[in-house]
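Enquirer: Let me begin by handing over the structure; questions about it come next.
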């Protein structure tokens, strides 16, 4: 990858990152493993996170504050659903804060966070867990390439 390349639309990027909440909680990080490799616009990152990378280049390192509307958005009450407690396995730990993977009718996996449990139902929030949070994205850009995408990509 070209060290002089600047991140723009369709750039290939290799970077380490750490996503942190305002209280210092680390939500996700690549620091302990392999760096993240992706092409801008491929859906790996939400649009707001991609936007803050424009103009950075190999060797750039900085921490960027991103407001909820530019990151994971705000919680939508329509994404909170009451499900019958009988739809869950009896040995499944159902308590507030537990994240469960659900399969949608189209076969996609989507996480849901248990909000509340009673004798009849389980209230599950299907909003992204980082909705409504200001996040801090610490990035270290390792490589950038502006080679056009091929048909396979």
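The values are calculated or read from the model by the stated rules, or taken from the named source; none is laboratory data. Here the structure is a predicted model, which means the values were calculated and not measured. Methodologically, a virtual Cβ is constructed for each residue, glycine included, from the backbone with ideal geometry; neighbour enumeration extends over all protein chains shown.
Enquirer: Within the range 20-27, is even one residue in contact (Cβ under 8 Å) with a residue 24 or more places away in the chain, in a helix (DSSP H, G or I) and either over 17 Å from residue 145 (Cβ atoms) or out of contact with any strand residue (DSSP E or B) (no Cβ under 8 Å at 6 or more places or on another chain) (or both)? Full working, then the answer.
Expert: Here is the first cut: in the range 20-27, the residues in contact (Cβ under 8 Å) with a residue 24 or more places away in the chain are 20-22, 27.
This time we only want the ones that are in a helix (DSSP H, G or I), so: none.
Checked the range 20-27: no residue is in contact (Cβ under 8 Å) with a residue 24 or more places away in the chain, in a helix (DSSP H, G or I) and either over 17 Å from residue 145 (Cβ atoms) or out of contact with any strand residue (DSSP E or B) (no Cβ under 8 Å at 6 or more places or on another chain) (or both).
Enquirer: Against the conditions (1) modelled with pLDDT of 90 or more; (2) surrounded by 15 or more Cβ atoms within 10 Å (Cβ to Cβ); (3) in contact with a strand residue (DSSP E or B) (Cβ under 8 Å, 6 or more places away or on another chain), where does residue 48 fall short? Just the number, please.
Expert: The number of the failed condition is (1).
Enquirer: Out of 74, 38, I need the residue that is at pLDDT 90 or above and over 14 Å from residue 17 (Cα atoms). Which one?
Expert: Details: 38 fails: over 14 Å from residue 17 (Cα atoms).
It is 74.
Enquirer: Which of the following residues is out of contact with any helix residue (DSSP H, G or I) (no Cβ under 8 Å at 6 or more places or on another chain), on the phi > 0 side of the Ramachandran plot and either free of Cβ contacts under 8 Å to residues at least 12 places away in the same chain or part of a loop (DSSP other than H, G, I, E, B) (or both): 41, 132, 55?
Expert: On the way: 41 fails: out of contact with any helix residue (DSSP H, G or I) (no Cβ under 8 Å at 6 or more places or on another chain); 132 fails: out of contact with any helix residue (DSSP H, G or I) (no Cβ under 8 Å at 6 or more places or on another chain).
Exactly one residue qualifies, and that residue is 55.
Enquirer: Does the range 83-93 include one or more residues that are in contact (Cβ under 8 Å) with a residue 40 or more places away in the chain and assigned to a helix (DSSP H, G or I)? Give the steps one after another, and end with the answer.
Expert: Going residue by residue through the range 83-93, those that are in contact (Cβ under 8 Å) with a residue 40 or more places away in the chain are 83.
The next check asks that each one be assigned to a helix (DSSP H, G or I); those that pass are none.
No - not one qualifying residue is present in the range 83-93.
Enquirer: Regarding residue 135, is this residue closer than 27 Å to residue 67 by Cα and loosely packed, with under 15 Cβ neighbours inside 10 Å? Walk me through it before giving the result.
Expert: Values: closer than 27 Å to residue 67 by Cα: yes; loosely packed, with under 15 Cβ neighbours inside 10 Å: no.
No; evaluated as a whole, the condition is false for this residue.
Enquirer: Also: Tell me, please, whether a residue that is closer than 21 Å to residue 132 by Cβ and either outside any loop (DSSP other than H, G, I, E, B) or free of Cβ contacts under 8 Å to residues at least 60 places away in the same chain (or both) can be found in the range 9-17. Break it down stepwise before answering.
Expert: Step one: list which residues in the range 9-17 are closer than 21 Å to residue 132 by Cβ, which gives 17.
If we keep only those that are either outside any loop (DSSP other than H, G, I, E, B) or free of Cβ contacts under 8 Å to residues at least 60 places away in the same chain (or both) as well, we get 17.
Yes, there is a match, as at least one residue in the range 9-17 is closer than 21 Å to residue 132 by Cβ and either outside any loop (DSSP other than H, G, I, E, B) or free of Cβ contacts under 8 Å to residues at least 60 places away in the same chain (or both).
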